[in-house]
Structures are given as structure tokens and as C-alpha cells.
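Each reported figure results from applying straightforward, stated rules to the coordinates on display, with no laboratory input. Since this is a predicted model, take the numbers as computed values, not measurements. Here the Cβ is made from the backbone with ideal geometry for all residues, glycine too, and neighbour counts use every protein chain on show.
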Amino acid sequence: MDNLFSLEGKVALVTGASYGIGFAIASAFAKAGAKIAFNDLSPEKNKMGVEAYKKLGIDAKGYVCDVTKEEQVKEMIDDIIKTYGHLDILVNNAGIIKRIPMTDMSDSDFRQVIDVDLVAPFIVSKAVIPHMIKLGHGKIINICSMMSELGRETVSAYAAAKGGLKMLTRNICSEYGEYNIQCNGIGPGYIATPQTAPLREKQADGSMHPFDSFIRAKTPANRWGNPEDLAGPAVFLASDASNFVNGHILYVDGGILAYIGKQPK
Ligand code: NAP
Ligand code: GCO
């Protein structure tokens, strides 16, 4: 059984992984035996990321690369392949959110979210798929969201992008499944990371942000997720254990999508 989930001999690129969900996924891959490359935007955070991996005994190669820029992505992928000889696993994790009511949102803000959360996974996947075809195998994991299924106030661009990413996932599966490439998504619930920090901020009177009790009430597990909650599902989707799982979105949400909500007392 152990071997089924092993990533020994594999090389993985996790985008946007100097902290947060990407960091937890990449660390889990390394524990399962993979070599790790990651990138983000800021050189400072990238350096901190390399140090954070080192503290866990992981020798991760960090790239400063904007995933919305095709040339930069191509250079990074070429360098990873040159360094390690192959690239077996891609996790499209880098993402942003802008919480702005739709009628107040500029088209440039809307486009920026679509660019990072939807166009970039297209760009990075497009850069690795020809290599994976040559290799004869490949795993692509797209980090989707509750907003791949649900809407909510202020997140129109994010929901449009993450809904689109769900369908890009199914399309990559449809188009390249015959080359032994599996493309699946993970849809995290509400996870405690810098992205959701504004929703968990303490109020001036010391109480929790009202969003905290809203999310707990919506989540049968009655808690926020931790980045580590994504580790097992990601290793599963990156390993041979999932070789006939394709085009699937695995929601890791403490039960949010299964739940109609608490009945009033
Ligand atoms: P986070 O804490 O905000 O981290 C996002 C990462 O993406 C950072 O490393 C950031 O790098 C990187 N990034 C952003 N734009 C980039 C670009 N253009 N090029 C390269 N890197 C870029 O986010 P998170 O909460 O860990 O979320 C990770 C993914 O999961 C995102 O796709 C998010 O939408 C999704 N997700 C999050 C939750 C949640 O509750 N937290 C739930 C569902 C889905 P810099 O630091 O250098 O900017
Ligand atoms: C929000 C949140 C979400 C989550 C996540 C849920 O403002 O509603 O930031 O969108 O981060 O993607 O799965």
C-alpha cells in the first residue's frame, strides 16, 4: 500500500508555494519522496520560502516567476527540466482574490483575477503538457474553490475564474487523458491562510470577525481548514493511487457542499 502513494523519483512544480496551501502541498510531496520546485512573485517571500522548506529538511528550488507571463513560465519550466531531467507533477496553486461588490468593480480588477486564477493555469499547463506527453505520464492538479460551485457577495471575478478552472480541469482531462495525463482539481473549503486573514481578523472589541461564526455554521466540521488538511488529498492525486481518476474535483471542505445549514432553534 505504501508504494501506491509514493512520489519517490518524481519532480513536482507547485506554483505560489512559499507559504499557505501551496507550501503545505509541496511539503507533503517532499515527504512522499518528490523533488520540489516552486515559484512566487516576490523575491523576499521566495527566499523565505526556501528557508522554510530547509527547516523541514526539504531542498526546494525557488523561482521568482509571474505565472501570468508566458515567457517567464517557459523559462522556469525549461530550467526545471534541465535541472532535474523531468517534471512529473504540476499543481496550479498560485491565486489571488479581490473582494469588491460587482457593480463597484473595475474591469481591470476583474481581468486581473481572471488572469491569475484562470489564464495562468492555462499558461503553465500548456507549457508542461508537451513534456508530459513525451514522458508518457503526468499529473496536473488545479486548486479550485467552494466558488467553483457557489456564489457569494463581492467575489464575482474569483467565482468566475474558479468555475472556469473547474471546466479547464475537465477539458485538460478530455484532451490529454489518452496520453496518461491525469488532470484533477482540489476544491478547498475555508482555509486559514493569508488569503482569508481579513475574514478572520479580531474586531476592536476583541471578538472574532462575524465571518468566522458564519463559516463555522456553514461547515459540518465546525472549524476552518488548515493548509495541512490538503496534504493527503494532494498526495493521492499526484500518486499512482489515482491513475484512473481523471477530470474529478475533490472538495476538501469539512462538508460545506453537502450541508443545507443549521436549522433554526
Ligand atoms: P495565499 O496565502 O494568498 O498565497 C497565494 C500564493 O500565490 C502566494 O505564494 C503568492 O505569491 C502566489 N501568487 C499570487 N499571484 C501570483 C502570480 N501572478 N505569479 C506567481 N505567484 C503568484 O493563498 P492560499 O490561501 O494559500 O491559496 C492558494 C490557492 O488556493 C489559491 O489559488 C486560492 O485561490 C486557493 N484557495 C484558497 C482557499 C482558502 O480558504 N485560503 C480556499 C480555496 C481555494 P506572493 O506572495 O509572492 O505574492
Ligand atoms: C471568500 C474566500 C473564499 C475562499 C475559498 C473558498 O472571500 O469567500 O476568500 O473564496 O478563499 O476559495 O473555497
Among the residues of region 232-260, count how many are farther than 13 Å from GLN182 by Cβ and away from ligand 2 (no atom under 16 Å from the Cβ).
-> 3
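Specify the residue that is farthest from ligand 1 (Cβ to nearest atom); the eligible residues are those in region 56-71 that are assigned to a loop (DSSP other than H, G, I, E, B) and more than 11 Å from LEU41 (Cβ to Cβ).
Here the answer is GLY57.
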Given the conditions (1) within 12 Å of ligand 1 (Cβ to nearest atom); (2) closer than 21 Å to VAL245 by Cα; (3) not hydroxyl-bearing (Ser, Thr, Tyr), report the number of the one that ALA197 does not fulfil.
-> (2)
Here, helices (runs of 4 or more DSSP H) confined to region 152-265 with at least 2 residues that are surrounded by 15 or more Cβ atoms within 10 Å (Cβ to Cβ), aromatic (Phe, Trp, Tyr) and touching a residue at least 40 places away in the same chain (Cβ under 8 Å) are 156-176
Can you confirm whether region 46-60 contains a residue that is farther than 25 Å from GLY138 by Cβ, of a type in the set (Lys, Arg) and touching a strand residue (DSSP E or B) at 6+ places or on another chain (Cβ under 9 Å)?
-> yes
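Tell me, please, whether a residue that is within 16 Å of ligand 2 (Cβ to nearest atom) and within 12 Å of LEU13 (Cα to Cα) can be found in region 76-90. Give the steps one after another, and end with the answer.
Going residue by residue through region 76-90, those that are within 16 Å of ligand 2 (Cβ to nearest atom) are none.
Scanning region 76-90, I find no residue that is within 16 Å of ligand 2 (Cβ to nearest atom) and within 12 Å of LEU13 (Cα to Cα), so the answer is no.
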What number of residues in region 94-113 are buried (at least 17 other Cβ atoms within 10 Å of the Cβ), under 20 Å from CYS65 (Cβ atoms) and in contact with a Phe, Trp or Tyr (Cβ under 9 Å, 6 or more places away or on another chain)?
-> 2
Residues satisfying the stated conditions in region 36-95, i.e. of a type in the set (Lys, Arg) and touching a Ser or Thr at 6+ places or on another chain (Cβ under 7 Å) = LYS45, LYS61
Yes/no for THR196 being on the phi > 0 side of the Ramachandran plot and not acidic (Asp, Glu) | no
Here the residues within region 113-140 that are touching a Gly at 6+ places or on another chain (Cβ under 7 Å) and under 25 Å from ASP229 (Cβ atoms) are VAL116, ASP117, LEU118
